[in-house]
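Bear in mind these aren't lab numbers, they're just calculated from the coordinates by the rules spelled out. Quantities reported herein were computed from a predicted structural model and do not represent experimental measurements. Reconstructed Cβ throughout: ideal geometry from the backbone, glycine too, with neighbour counts over all protein chains shown.
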Amino acid sequence: MTRTARTPIATGLAFAIVITLPSVASAAGTAGAVSDDAPDEAPALIVTADFNGDGIADLAEVTSPDGDPSGPRYLTVLLGQGHGAFRQAGSRPVLGRDPRSIVVGDFNGDGFPDVIVGDGDGSLTEFLGDGKGDLVPAGDVARLGSIESIAVGDFDHDGTLDLAVSDTLANEVTVFLGSGNGSFRPIWTFSLPTQGKFYRLVTADFNGDGIPDLAVINEDGDAFVVMIGTGKGTFSYAPELSHTKDPITHCLT
């Protein structure tokens, strides 16, 4: 595996897909909304998609029914009613007790939106949509050290969705290529800027070449690193698009 990159990142870039949501009120985008809680507190995680195929946006949220952040968590689907209201369709236990990121996409190619939840214990747990509003547990697609953030994109241009996952414990980002049937394989990693810090990921085409890129945003939201996609599942550091606190401390390895 190739390793490269050392740098930090700004939350302003992340707001395209990461939004602050303390409760199930509204949502937009395809990646999980995250609250402004400190990293050691339980964040609110929510995504939106049409889970039952009626053309109306629905919600999937990681919830703690008892309000106890140390208690069990559930993945709850709320079906949109078309006039701003939602109806709970179902709720399933989330295997980890420290969920930190949630993303949505059609990961197994059946045309229905699926969900992946990343946990502080390192598990990436997949829930497959049945097209009727239910999300069925499909087990862990991977296990890392401690997951903080997940970004979704077609990083190798093969028409299937891939993942980039920030791992706080390993201090690196791992890129997983999707197979199109719901499984993933790791193909590349690069280092995060500073050991022990929390970093969130966002994907977009930052240089206009039609290939998804990555931005890595530090926990304070005042510095960011842009990694340009090669179209092969790997990335290269773009200093001209990045903003770091101290450029002298940045080095590529």
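Restricted to Cα atoms, the range 87-153 shows a radius of gyration and a Dmax of 11.7, 36 angstrom.
Using the crude model of +1 on Lys and Arg Cβ and -1 on Asp and Glu Cβ, and no other charge, please compute the dipole size for the range 57-202 relative to its Cα centre, in debye to 20. Could you put the intermediate results ahead of the total?
On the way: 10 positive and 21 negative charges, 64 e Å.
Dipole of the range 57-202, to the nearest 20 debye: 300 debye.
Counting 0.36 nm for each residue step from THR230 to LEU169 and taking away their Cα separation leaves a gain of 19.3 nm. Among 123-135, 198-210, 82-94, the peptide with the highest mean count of other Cβ atoms within 10 Å heads the list, and the full ranking is 123-135, 198-210, 82-94. Of the peptides 98-109, 229-240, the ranking by mean beta-carbon count within 10 Å, highest at the top, reads 98-109, 229-240.
Here the contact order of the range 137-194, divided by its residue count and restricted to Cα pairs under 8 Å and six or more residues apart, works out to 26 percent.
Using a simple spin-label model with pseudo-atoms 7 Å out from Cα toward Cβ, ASP110 and THR194 lie 4.4 nm apart. Spacing of the modelled spin labels on ARG97 and ALA85, each 7 Å from Cα toward Cβ, amounts to 3.8 nm.
Using +1 at the C-beta of Lys and Arg and -1 at the C-beta of Asp and Glu, which of GLY131, ALA170, GLY231 has the Cα lying farthest in the positive direction of the dipole of the range 113-253? Among GLY131, ALA170, GLY231, the one farthest towards the positive end of the dipole of the range 113-253 is ALA170.
When the dipole is taken about the Cα centre of the range 128-243, and only Lys, Arg (+1) and Asp, Glu (-1) are charged at their Cβ, what size is it in debye, to the nearest 20? Please list the in-between numbers first.
Numbers: 6 positive and 17 negative charges, 55 e Å.
So the dipole magnitude of the range 128-243 works out to roughly 260 debye.
Rounded to the nearest 20 debye, the dipole size of the range 47-104 about its Cα centre is 140 debye, using +1 on the Cβ of Lys and Arg and -1 on the Cβ of Asp and Glu.
Arrange the peptides 111-118, 184-191 so that the one whose residues have, on average, the most other Cβ atoms within 10 Å appears first.
111-118, 184-191
Placing unit charges on each Cβ (+1 for Lys and Arg, -1 for Asp and Glu) gives the range 118-253 a dipole about its Cα centre, and among ALA142, THR203, HIS243 the Cα reaching farthest toward its positive end belongs to ALA142.
If the segment from SER179 to TYR74 were pulled out straight at 0.36 nm per residue, it would be longer than the present Cα-Cα gap by 35.1 nm.
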